[in-house]
Amino acid sequence: MDVLYSVLKRTYDLHKEEYEAAALRTLNSGWYILGKEMEKFEQQFAGYLGVKHCVALNSGTDALILAFRALNIGEGDEVICPANAYIASVIGVTENKGVPVFVDADEYMEMDADAIEAKITEKTKAILPVHLYGQPCNMEKIKKVADKHNLFLIEDCAQSHGSAFNGRLTGTFGDMGCFSFYPTKPLGALGDAGAVVTNNDELAQKVRLLRNYGSKVKYHNEINGVNSRMDEVQAAILQVGLKYLEAGNEERQRIAKRYLTEINNPFVSFQNVYQEAKHVYHLFPVLVEERERFQSYLKENGVGTQVHYPIPPYVADCYKEWGYAWEDFSNACRFAQQEVSLPIYAGMLEEEIDYVIDIVNHFS
Ligand SMILES: Cc1ncc(COP(=O)(O)O)c(C=O)c1O
């Protein structure tokens, strides 16, 4: 049997008629940018999270870049970032000429909240927790540190739509929450899309200006902006996706529960989950010392996997000038060398889940 790592078409097919109706409605409307579909999605997503504002953008990367820009975080300003993260999180800082200051991951594979305070200097302006794999960071501790030191808190929620810490949804703890709606995400568009959410009127207004050449009124450019508008077709598609976000999260949680209870191979260990966390399992990471051999074995047996992420941002080629070594962050280094993500997606068949469990259990 072949179990592909990800089958986007499967998830699309679950609600095909509604996606197609939404796309056609928009195509027939004659209005494609900055229109009613985007406004509707903004209202619906803000309502879902219980925040005042959602500003719809072109991508999650833009959401991060514009969030830091709206806060005037720029040249020489330090932002505390997790060493175990995707590079796009850090690009949000470096595109504004800010300086990422890394902290290692904890045993939960998330930003180590207890390591943040030691990294704070007079140049520190913000903390950037990244809720990786669909598990929230320890937001209770991180928010306390941010409040104590009067630092901005920007959450990267690209993988955590609907996840929560102590019952509070990710994206609602900080000054701003940055979402990606890349097609594979828990809430995915059928193209690129993203958003910033916030309860702060001024910040929302600033991101709205920034996304549209810095202008509210055509040809009146108040600030130096960019073009990062979510298009109407993606906004219409996302309204459909939002209706099924909880169902998709529950489906992946159910698959995760099966993996957690039925995979019992001593060579394979799981991500620890905080007691206070609602994990939405955007990904299902496992740790295996002999990762290459494990991945090849799964591949030979028809099971697709991916690695998130093989090269941590602090040692990315583009950031060589900082001079970090792999071992500077021992947990992040270990996760980068041992992490493997197993298939987990809405629409996965029961026999496919059985097969993955069986094949993983027979690895020796
Ligand atoms: C943690 C994280 N942050 C940011 C991004 C960037 O989002 P986008 O691809 O929409 O630009 C991603 C997307 O893969 C991500 O996983």
Once the dipole of the chain is set up from charges on Cβ (+1 Lys and Arg, -1 Asp and Glu), the residue from the list 242, 80, 210 lying farthest towards its positive end is 210
HN-Hα couplings for region 316-323 via Karplus (6.51, -1.76, 1.60; θ = phi - 60°), in whole Hz with x for Gly/Pro, come out as 4, 3, 5, 10, 3, 4, 6, x
Computed from the beta carbon distance with a Förster radius of 22 Å, FRET efficiency for residue 5 and residue 243 to the nearest 0.05 stands at 0.30
Its Cα gyration tensor gives the chain an equivalent ellipsoid whose semi-axes in whole Å, largest first, are 32, 27, 17
Given unit charges at Cβ for Lys, Arg (+) and Asp, Glu (-), the dipole magnitude of the chain about its Cα centre in debye, nearest 20, is 1080 debye
Cα-only Rg/Rh for region 160-207 with Kirkwood Rh rounds to 1.02
The answer for residue 57, listing residues at least 5 apart or on another chain whose modeled amide H is closer than 5 Å to its amide H, is 194, 195, 196, 230
Note, region 179-192: 3J(HN,Hα) by Karplus (6.51, -1.76, 1.60, θ = phi - 60°), whole Hz, Gly/Pro = x, goes 10, 10, 10, 3, x, 7, 6, x, 10, x, 7, 10, x, 7
tail above 21 Å in the computed P(r) of region 1-132, as % of all Cα-Cα pairs, reads 60 percent
Expected vector for region 125-133, Karplus 3J(HN,Hα) from phi with 6.51, -1.76, 1.60 and θ = phi - 60°, integer Hz, x for Gly and Pro, equals 10, 7, 10, 10, x, 10, 7, 7, 6
Out of 50, 1, 297 - ranked by how far each Cα lies towards the positive end of the dipole of the chain, with unit charges on the beta-carbon of charged residues - the top one is 50
Sites removed, the longest contiguous part of the chain containing no DSSP-loop trypsin sites (Lys or Arg not before Pro) with at most 15 other Cβ within 10 Å is 219-364
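About the Cα centre, and with charges only on the beta carbon of Lys, Arg (+1) and Asp, Glu (-1), how big is the dipole of region 104-198? Nearest 20 debye, please. Before the final figure, lay out the partial values.
On the way: 9 positive and 14 negative charges, 61 e Å.
For this selection, approximately 300 debye.
Please find the FRET efficiency linking residue 276 to residue 224, where r is the Cβ-Cβ separation and R0 is fixed at 41 Å, and quote it to the nearest 0.05.
Approximately 0.50, to the nearest 0.05.
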If every Lys and Arg gets +1 and every Asp and Glu gets -1 at its Cβ, then about the Cα centre region 1-81 yields a dipole, in debye to the nearest 20, of 280 debye
Farthest towards the positive end of the dipole of region 246-361, among 310, 333, 357 and with Cβ unit charges of +1 on Lys and Arg and -1 on Asp and Glu, lies the Cα of 333
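Give the Rg/Rh ratio for region 246-361, taking Rg as the radius of gyration of the Cα atoms and Rh as the Kirkwood radius, to two decimals.
Details: Rg = 15.7 Å, Rh = 15.5 Å.
Using only Cα positions, Rg/Rh for region 246-361 is 1.01.
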In deg cm²/dmol, rounded to the nearest 500, the helical mean residue ellipticity at 222 nm of the chain, built from -39500 (n - 2.57) for every DSSP H run of length 4 or more, is -11500 deg cm²/dmol
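Every number in this text was worked out from the coordinates using simple rules, so none of it is lab data. This structure is a prediction, so every number in the text was calculated from the model and none was measured. Heads up, the Cβs are rebuilt from the backbone with ideal geometry, glycines too, and the neighbour counts pull from every protein chain shown.
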